[in-house]
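Every read-out reported here was derived from the displayed coordinates using simple, explicitly stated rules and does not represent laboratory data. Please read all numbers here as calculations on a predicted model, not as lab measurements. Heads up, the Cβs are rebuilt from the backbone with ideal geometry, glycines too, and the neighbour counts pull from every protein chain shown.
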Amino acid sequence: MGDIATVTLTGLVVVFAVLILLTFIIWIYGKTINKAQSGSNNKKKAAGNETVNISKNVPNSSPTIIPSAVNTQQEDMDEIIAVIASAVASLGASNGKTYSIRKIRRVGTGRSIWGMAGIMENTRPF
Amino acid sequence: MGIFEGFGQAITELINTSGLSLDYWQNYVMIGISCILLYLAIAKKFEPLLLLPIAFGMLLANLPLAGIMDVPKNELIPIPVDELCNAANMSIEEIKNNLSATQINDILAALHPEESHNYPIVWQGLVPYWNQPVQTGGLFYYLYQGVKLGIYPPLIFLGIGCMTDFGPLIANPKSFLLGAAAQLGIFTTFIGAKLMGGMFTSAQAASIAIIGGADGPTAIYVTSKLAPELLGPIAVAAYSYMALVPIIQPPIMKLLTTKKERSVVMKQLRTVSKLEKILFPIIVTIIVSLLLPSAAPLVGMLMLGNLFRESGVVDRLNKTAQNELMNIITIFLGITVGATANGQTFLKLQTLGIIALGLAAFMVGTAGGVLFGKLMYVATKGQVNPLIGSAGVSAVPMAARVSQKVGQQANPANFLLMHAMGPNVAGVIGSAVAAGVLIAILG
């Protein structure tokens, strides 16, 4: 009976002690590294801001890309509308009714599309 | 008439020398069990990577007269002592203390070149013998040496280390506590096994209890060190229960938690930097190996594999360890562990005890993790979902998937998987530490 108590007590205490020690060490070194890295990131950001300020003073000789980005977004939206319209048209063709699209509204999922993509990416291996 | 008689005799002889003539009913029962396990592995996909080789190893080892697990046989041939002493001009005591086996064999070969014996020499007191092999062992006997000598489990851990992302654990180090709490099953089962009317010795009880660590390689490693005679039933029980985690755990998790607790959405984990991930295996190896040297082979190899992965400079080694090497070792480990489940040694009352205790170990381990999760839920004022505690039993990544699934049943928008991976990988370290403690105390 003494043997059972010794093994059980020693085992539980040692397992908890080792893992509690690891908890503290990992927590402390995580904090330390984060602090060190955020410090160096801040420095980099500061350096980056300086670069931006300098570049603002330089005359802008290259064409701006913003309009093309807007155009691309608009083209994407048009394509999505076309896909939805064709899906609705095929539904109409199958049941003999005619539909008109008055409004297209994005349905909220509670999580952004990027958030969902991140979760899918991180959980795929499991 | 002579032809028919001869034919009849030949057939009778064939039957008499075949395995069919032997009344080894236990072997036939084991062949039946191996077929059921093969069915579970192939049709139900219960841990097929391990269950299939285990079941087939079991099948081969139970075929009478196949001799696939036979131990090599040696014969001791006495060495002519007088001739040896005369030729060497020494007393037998001087020969024993001063001459190597090669030198003795050279002297005897010079005396009798026509019958030289170049075998290892065994001394029984002052009488020397040649240790002559008369029969080589079966194939699985030699492959089994990797299990017996504790080589395969640490190599499997190397591969697991290469595949494991310790990021969730580093991001939330409190997960270590859940990994420790889930080892409760190991120690309560040890008590249970010891209280079963002297059926098991302390070393055997510890080997059975480690099933609760839900870690096949750890269970095999501990059993090979403490109670190799129970390797077959313990390995089969450990892997069977690991495959049954999705069935065993959910009822316990639901029983011990309220719907409100199961619905808790946990805060997103912070991003873990590359440097933290590289330092983690080094720090864990140093701390665990210093405190508990007996856990060093398992934890050390696990962390070496993880360093291969995180360092990013040994991509070839990383790929080899987690693919080719791990697959080869899995084959060897599976078939040889299965081959230890021989009918004569497996079909005993003890085996039923091991299977019952193994289930109890899994259940108590799950309960321990969930209850500690509840404690953390209270301590953090509802920020921790207790369901992640059950993943602390190891069984990577199955137990974490179960936490995710049960959590989503209570709150479909909840994603607990990455939170559960923290306790899950902590459970691997926890069970390796528990194994080290048991080996250190009882080994």
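Table for the structure above
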{"item": "Value of Rg/Rh across the range B:254-294 [Cα atoms, Kirkwood radius]", "result": "1.28"}
{"item": "Value of Rg to Rh for the range B:192-247 (Rh from inverse mean 1/r over Cα pairs, i.e. Kirkwood)", "result": "0.98"}
{"item": "Convex hull volume per residue in cubic angstrom - Cα atoms of the range B:73-135", "result": "73 Å³"}
{"item": "Two-decimal ratio, the range B:219-293, of alpha-carbon radius of gyration to 2.2 N^0.38 Å", "result": "1.70"}
{"item": "On Cα atoms only, tilt of B:101-111 relative to the major axis of chain B in degrees", "result": "20 degrees"}
{"item": "Cross-link partners of B:LYS44 among lysines (Cα-Cα below 21 Å; sequence separation of 8 or more within a chain)", "result": "B:LYS405"}
{"item": "Relative contact order [Cα under 8 Å, 6+ residues apart], the range B:144-442, whole percent", "result": "36 percent"}
{"item": "Total formal charge among the other residues, if their Cβ is under 14 angstrom from that of A:ILE25, Lys/Arg +1 and Asp/Glu -1", "result": "+1"}
{"item": "Alpha-carbon spread of the range B:212-351, three principal axes, descending order, Å", "result": "54, 46, 31"}
{"item": "Debye intensity ratio in log₁₀ form over the Cα atoms of the range B:37-87, taken at each q of 0.14, 0.18, 0.25 Å⁻¹", "result": "-0.55, -0.70, -0.89"}
{"item": "Nonlocal amide H pairs with B:PHE200, under 5 Å, H built at 1.01 Å", "result": "none"}
{"item": "For the protein assembly as shown, average projected area of the Cα convex hull in nm²", "result": "49.2 nm²"}
{"item": "Shielding by partners, peptide B:432-441 (average Cβ within 10 angstrom, other chains)", "result": "4"}
{"item": "Packing-based exposure ordering (other Cβ within 10 Å, fewest first) of A:ILE81, B:ILE92, B:ILE79", "result": "A:ILE81, B:ILE92, B:ILE79"}
{"item": "Least to most buried among A:TRP114, A:TRP27 (fewest other Cβ within 10 Å first)", "result": "A:TRP114, A:TRP27"}
{"item": "Vicinal HN-Hα couplings computed from phi for the range B:304-312 (Karplus, 6.51 cos²θ - 1.76 cosθ + 1.60; Hz; Gly/Pro x)", "result": "4, x, 5, 5, 3, 5, 7, 5, x"}
{"item": "Kirkwood estimate for the range B:2-69, i.e. one over the average of 1/r between Cα atoms, Å", "result": "13.8 Å"}
{"item": "Principal semi-axes in Å for chain B [√(5λ), Cα gyration tensor, largest first]", "result": "49, 29, 20"}
{"item": "Whole-Hz couplings from phi, Karplus 6.51/-1.76/1.60, listed for the range B:4-10; x for Gly and Pro", "result": "5, 4, x, 4, x, 5, 4"}
{"item": "Kirkwood Rh and Cα Rg combined as Rg/Rh, the range B:296-424", "result": "1.08"}
{"item": "At 0.890 mPa s and 25 °C, Stokes D of the range B:300-351 from Kirkwood alpha-carbon radius, µm² per second", "result": "184 µm²/s"}
{"item": "Cross-link pairs beyond the 23 Å C-alpha cut-off, checked among A:LYS44/B:LYS267; B:LYS96/B:LYS225; A:LYS31/B:LYS277", "result": "A:LYS44/B:LYS267; B:LYS96/B:LYS225"}
